[in-house]
Amino acid sequence: MRFIRFSKQGSAEPKTGWIYEDRVGEIEGDLFSEYRRLEADTPIENVKLLAPLVPGKIVAVGWNYIDHAREFDREIPEVPTIFLKPPSAVIGMGDGIVLPEISKKIEHECELAIVIGKKARMILPEDAYSYVFGYMAANDVTARDLQKSDDTWTRGKGFDTFCPLGPWIETDFEPADAMLTCRVNSELRQMASTRDMIFSIPSILAFISSVMTLNPGDVVLTGTPAGTSPLEAGDVVEVQIDGIGRLVNPVVKQAATI
Ligand code: MG
């Protein structure tokens, strides 16, 4: 099943929905407890897709593909490096990634995103998949120069628009060996299989839940493979995960006034 958030033409009100073939239906209730699907009666081209959810928190894993760690001269980590991205960074399909003027090197990072479906605390790896609601494509946009110059990654990872998610939450997805690609202006920049992760999804979820409670609607980003590269205004970034879909975002300059 594919779940979305969307707004109808002429309305700014976000709605939760589901996709059936090329049509969208509304959902009544709470996606993570009780809900009811209404008839899918609206052609998908007549709605604007929004970020599929507003996460409570976003926990991300750094250096989770060997080739990416190597390209940055990092040791292969023995435990996952985790950090937080703020929910205010989230944007959806088609929204602009805004380049903050203070950074001179802003890069894409295509990643598989996990949506948590059940409260998870101190879980075992063998139980981890039962806490997963579904999956999305994500772009862990990073101001690389600020990530390097600051003692924490909060600023480099945390600007508004630095977390495109979408285009929907796919619940029927096999994450063990899925191809993940990133294209900029149709040119291939990153390509890997989720099979190449250093820490598996079950071990990541067990590790994070040993630190903090994961709640329904939280999002976990699982790391990016090699090939991250700088973005410029006018670029179009596409993160594609086979079995989920393609998340497309234009890159825009920071406006003169905010
Ligand atoms: Mg990342």
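Per-structure values
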{"item": "Violating pairs (Cα-Cα greater than 30 angstrom) within the set 57/105; 119/148; 8/148; 48/148; 15/118; 118/148", "result": "119/148; 8/148; 48/148; 118/148"}
{"item": "Accessible heavy-atom area order of 20, 131, 35, 65, highest first, probe of 1.4 Å", "result": "20, 35, 131, 65"}
{"item": "Cα-based equivalent ellipsoid of the chain: semi-axis lengths in Å, sorted from largest, via gyration tensor", "result": "27, 23, 16"}
{"item": "Probe 1.4 Å, all protein chains present, accessible-area order of 236, 211, largest first", "result": "211, 236"}
{"item": "Cβ-isolated cysteines (cut-off 4.7 Å), the chain", "result": "163"}
{"item": "Portion, in percent, of the accessible area of the chain that falls on carbon or sulfur, probe 1.4 Å", "result": "50"}
{"item": "Average accessible surface area per residue within the chain, 1.4 Å rolling probe, Å²", "result": "46"}
{"item": "Cα convex hull volume per residue for segment 2-49 (Å³)", "result": "66"}
{"item": "Exposure of residue 18 as accessible area (Å², to 10), given a probe of 1.4 Å and all protein chains", "result": "30"}
{"item": "Cα-derived Rg over Rh, computed across segment 122-241 with Rh taken as Kirkwood radius", "result": "0.97"}
{"item": "5 angstrom amide H check on residue 81, placed H, neighbours 5+ away", "result": "62"}
{"item": "Estimated 222 nm signal from helices in the chain, with DSSP H stretches of n ≥ 4 weighted -39500 (n - 2.57), rounded to 500", "result": "-2500 deg cm²/dmol"}
{"item": "Rounded accessible area of residue 22 (nearest 10 Å², 1.4 Å probe)", "result": "90"}
{"item": "Modelled FRET efficiency - R0 35 Å, residue 34 with residue 102, Cβ distances, 0.05 increments", "result": "0.20"}
{"item": "Relative packing of 159-168, 175-184, 5-14, which averages over residues the other C-beta atoms within 10 Å, highest first", "result": "159-168, 175-184, 5-14"}
{"item": "Given 13 as the ceiling on other Cβ atoms within 10 Å, longest exposed-site-free region of the chain for GluC sites (Glu not before Pro) in DSSP loops", "result": "102-231"}
{"item": "Dipole in debye (nearest 20) - segment 121-258, about Cα centre, beta carbon charges: Lys, Arg +1; Asp, Glu -1", "result": "360"}
{"item": "Residue 179 paired with residue 41, simple spin-label distance in nm, labels 7 Å along Cα-to-beta-carbon", "result": "4.0"}
{"item": "Sequence of 155, 195 from largest to smallest accessible area, 1.4 Å probe", "result": "195, 155"}
{"item": "Solvent-accessible surface (1.4 angstrom probe) belonging to residue 118, in square angstrom, nearest 10", "result": "100"}
{"item": "Computed lengthening from residue 9 to residue 232, 0.36 nm per intervening residue step minus Cα-Cα distance", "result": "77.2 nm"}
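The values are calculated or read from the model by the stated rules, or taken from the named source; none is laboratory data. This is a predicted model, so every value here is computed, not measured. We place every Cβ from the backbone using ideal geometry, glycine too, and count neighbours over all the protein chains shown. For accessibility, only protein heavy atoms count, side chains too; no ligands or nucleic acids. Shrake-Rupley method; radii C 1.70, N 1.55, O 1.52, S 1.80 Å.
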